[in-house]
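Data block below; observations after.
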Amino acid sequence: MYGLVLEGGGAKGAYHIGALKALKELNIEIEAVAGTSIGAMNGAMFVQDKLDLAYDYWYNISTSKVLDIEDKYLSELLNLSINQNNLSYFINKAKEVLQNRGLDNSFLREILEENIDEEYLRKSNINFAIVTLSLSDLKPLELFLEDIPEGKVIDYIMASSYLPAFKMQRIDGKILIDGGFYENLPIKTLQNKGYKNIIAIRTYGLGDIEKKTDEKQELIFINPSQELGRMLNFDQQNARKNIKMGYYDTLRYFKDLAGDKYYLNIKENESYFINYLLNLDEEIIKRLLKQLSLAEKPYLRSFFENLIPKLVNMLEIDYSSSYTVIVTRLLEELAASLNIDRYRIYSFEELLKLVRENYQQKDESLARKLPAFIKTSTLLPGQLKKDLLIDIAEKLFIKTGSK
């Protein structure tokens, strides 16, 4: 059984929901949950076995619901696009915030009041903890349910997510704020309680994370494979993307899936990928070597000793990476350039087939247009490196002329 830790991060909390959905499907037993900020809210729903309800909230969320700011205007504000067309709106909103002494957080409060059953939480066989910070005492609070006064669980869960921009209330005469200012990923909260095996779901929110452990402990991190967006960006499309990402990133870990941009169930062994490269048409290999200003003879030796290391450098992977990793990472680059859906588990052959079906011929090879000194450089600009990788991938996976 595992302890579960949910990192704070505002709108990034949609990622938790996808990860929790995967854990539930995988029948991974959880004996304790600790959360900070949005992690405390999502954790409370999970402990009550209300994950499906939490999923619905996140799937249908919008910025205007959460922050009482219209989506259009929030987007303009985040992009610093303040002009004469929206200036009066922001001035009025600023006055409203000042009068209320902070942004309105009544939407989140309503969700908790409708869905948090304190009695059920306290009777659950899953232990539950939140983290908050007392400004009044200048003291962090790591609170398990037994530490929270009766009837105050919702207040303390809300306190855990009180960013300074939000309207705050006193609880038992004290001002409490977002626990992320103390411990945004409360691993120590569970470790100090004696839990040895912990799954930590990251959002890369506020603060530094302590990852200390010992040989008697198991610490698993579920990390976002792509950016989750801003903490206050409750855009529905972004939330739905993050739910999917959390789900598949968790499956990647527990099902030992390969891939970086995609989720690959690789059945083939290393020799399969070596043979794939060995079976490329001789003319394709020679053309690549020539275009990249690499030695053309003996062509196979130059391919493996010169071109493959160059690929490793361009893909920014470890030089000890296997041929399996090199080939699959290159295929992923090509798949991403073709906008093939990443949220699905593929075999290598399935992804290769989709790439070939969706490929569209370009007029001219990028590599042919580049000067030799650029092609041989190890310091290529980001977009140029990406374009060159795609050009190489097309020759290895599309125009293979394989025997």
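Before moving on, here are some points about what is shown:
- Close amide H pairs (under 5 Å, H built 1.01 Å from N) link Asp281 with Ser402, Lys403, residues at least 5 positions away or on another chain.
- Of the chymotrypsin sites (Phe, Trp or Tyr not before Pro) in region 258-331, those whose Cβ has at most 14 other Cβ within 10 Å and which sit in DSSP loop: Tyr319
- Residue-wise HN-Hα couplings along region 277-287, as the Karplus relation 6.51 cos²θ - 1.76 cosθ + 1.60 with θ = phi - 60° gives them from phi, are 5, 5, 8, 5, 4, 4, 5, 4, 5, 5, 5 Hz; Gly and Pro carry x.
- Taking Cα centre as origin and charging only the Cβ of basic (Lys, Arg, +1) and acidic (Asp, Glu, -1) residues, the dipole magnitude of region 230-320 rounds to 360 debye.
- Coil-residue GluC sites (Glu not before Pro) of region 103-150, DSSP, other Cβ within 10 Å capped at 10: Glu150
- Cross-link check: pairs Lys21/Lys255; Lys241/Lys353; Lys188/Lys216; Lys50/Lys255; Lys261/Lys386 evaluated at a Cα-Cα cut-off of 20 Å; pairs beyond the cut-off: Lys241/Lys353; Lys50/Lys255.
- For GluC sites (Glu not before Pro), the sites in region 215-272 that DSSP calls loop and that have at most 15 other Cβ atoms within 10 Å are Glu215, Glu227, Glu268.
- A cut-off of 5 Å between modelled amide H atoms, ignoring neighbours fewer than 5 places along the same chain, links Asn197 with Gly3, Glu218.
Rule-based calculations on the coordinates, nothing more; no lab input. All figures in this text were calculated on a predicted structure; none of them were measured in a lab. Here the Cβ is made from the backbone with ideal geometry for all residues, glycine too, and neighbour counts use every protein chain on show.
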